[in-house]
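What follows is a short report on a single structure.
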Amino acid sequence: MATEGWALITGASTGIGRELASIAAADGRDVVLVARNAARLEQAAEEVRAASGVRAVALPMDLAEPGAPERLHAATGERGMEVDFLVNNAGFGMSRRFADVPIAVQRSMIGLNLSALAELCHLYLPGMLERGRGRILNVGSGAGYVPGLGFTTYASTKAFVLHLTEGLAGELAGTGVTVSVLCPGPVNTPFLGTAGIEGFSGIRRLALADPGSVARAGYRGALKGKVVINPGFFPRLVPFVPRLLPRFAVRWLGRQVGRQMARRTG
Ligand SMILES: NC(=O)c1ccc[n+]([C@@H]2O[C@H](COP(=O)([O-])OP(=O)(O)OC[C@H]3O[C@@H](n4cnc5c(N)ncnc54)[C@H](OP(=O)(O)O)[C@@H]3O)[C@@H](O)[C@H]2O)c1
């Protein structure tokens, strides 16, 4: 039997989102899981139910589609689910030059990483504010601090997530509702294959985090109402880059990393 309200986790079938679903369920929350692949999502829901005994409901949906956030909000409303913990985790990137990323992919990336995330915050906030309690955890990235990096659109969407969260956190002060942004460095999940940046070897493997520890840091940070969560040693250093370097040097760094990435991905 759950002790808390519902947690809604987007991108809950694999990687960081899958871990967050298990952690929230183990903490006594009923969970709503969202992703596109229905079979994989239902399997994740079954595993969560079996491990924690909470209610775990799979709502398969492509959140990059226009109108999807409203449909999701309506679906949870129809089922009488009070969402007290919203995790905007679904997202993807593609490591290629901007001009070489097809427009349909750009649209989908902006639609998912940016528009759907902002819309879901907007849709679920009124209920949380009315009840005087709620947590929102937006999954950003260390890439949100530096432009370029070999995936210009992706890094830009994550800069939006960082700014949106920090702005919103100021607006929500004293309401009982908190919003946090989790900014990981590279994490060992299927994201790397989708983005085309696999092949972390040698010293680079040291920078690769495991999704469980990133998810735990995110969950704990969100419960504490921490605004920005930089999980791990390297991610904690990244915010200093734009703080300590002049803007031209930050751009230079982003360009160098991008060039290196282009050489590695061919
Ligand atoms: N891994 C990293 O290195 C890293 C670093 C920093 C930040 N992040 C961020 O962490 C978040 C989670 O990434 P991850 O590493 O856990 O990646 P992942 O394992 O690829 O998980 C992505 C999840 O999002 C779902 N998803 C993808 N497109 C979707 C769509 N259009 N509508 C609904 N769901 C969708 C996927 O399931 P379906 O394919 O079935 O839809 C999957 O459940 C992302 O926001 C990512 O940007 C990742």
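The values are calculated or read from the model by the stated rules, or taken from the named source; none is laboratory data. Keep in mind it's a predicted model, so treat the numbers as computed, not measured. Cβ placement follows ideal geometry from the backbone for every residue including glycine, while neighbour counts extend to all protein chains displayed.
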| In the stretch 165-202, which residue that is surrounded by fewer than 20 Cβ atoms within 10 Å (Cβ to Cβ), among the aliphatic types (A, V, I, L, M) and at pLDDT 95 or above is nearest to residue 116 (Cα to Cα)? | 169
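Conditions tested, residue by residue: (1) within 14 Å of the ligand (Cβ to nearest atom); (2) touching a helix residue (DSSP H, G or I) at 6+ places or on another chain (Cβ under 8 Å); (3) within 14 Å of residue 87 (Cα to Cα).
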| position | (1), (2), (3) |
| --- | --- |
| 166 | no, no, no |
| 183 | yes, yes, yes |
| 190 | yes, yes, no |
| 199 | yes, yes, no |
| 214 | yes, yes, yes |
| 217 | yes, no, yes |
| 220 | no, no, yes |
| Selection within the stretch 133-156 - closer than 18 Å to residue 218 by Cβ and either among the basic types (Lys, Arg) or part of a helix (DSSP H, G or I) (or both) | 135, 142, 143, 144, 145
| Residue pairs meeting the criteria (Cβ under 7 Å; at least 6 apart or on separate chains; first in contact (Cβ under 8 Å) with a residue 12 or more places away in the chain and in a loop (DSSP other than H, G, I, E, B), in the stretch 56-78; second of a type outside the set (Phe, Trp, Tyr) and more than 9 Å from the ligand (Cβ to nearest atom)) | 59/32; 59/72; 59/75; 61/71; 61/72; 63/69
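Go over the candidates 117, 33, 129 one by one and state the one that is touching a residue at least 24 places away in the same chain (Cβ under 8 Å), near the ligand (Cβ under 9 Å from one of its atoms), among the hydrophobic types (A, V, I, L, M, F, W, C) and in a helix (DSSP H, G or I).
Details: 33 fails: in a helix (DSSP H, G or I); 129 fails: near the ligand (Cβ under 9 Å from one of its atoms).
From the options 117, 33, 129, the qualifying one is 117.
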| task | Output yes when any residue across the stretch 213-230 is surrounded by fewer than 20 Cβ atoms within 10 Å (Cβ to Cβ) and part of a strand (DSSP E or B), and no when none is. | result | yes
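Starting from residues that are within 12 Å of the ligand (Cβ to nearest atom) and buried (at least 19 other Cβ atoms within 10 Å of the Cβ), keep the ones in the stretch 52-63 and report whichever is nearest to residue 40 (Cα to Cα).
58
Take the stretch 233-244 and flag every residue that is within 25 Å of residue 135 (Cβ to Cβ) and either more than 16 Å from the chain's Cα centre (by Cα) or at pLDDT below 90 (or both).
236, 238, 239
Take the residues of the stretch 78-101 that are over 16 Å from residue 157 (Cα atoms) and within 11 Å of the chain's Cα centre (by Cα): which is nearest to the ligand (Cβ to nearest atom)?
From the stretch 78-101, those over 16 Å from residue 157 (Cα atoms) are 78-87, 99-100; that's our starting set.
Applying the additional criterion that residues be within 11 Å of the chain's Cα centre (by Cα) yields 86-87.
Values: 86: 14, 87: 10 Å.
Looking at the filtered set, the residue picked out is 87.
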| Out of all the residues in the stretch 184-212, which are closer than 19 Å to residue 11 by Cβ, among the β-branched types (Val, Ile, Thr) and assigned to a helix (DSSP H, G or I)? | 194
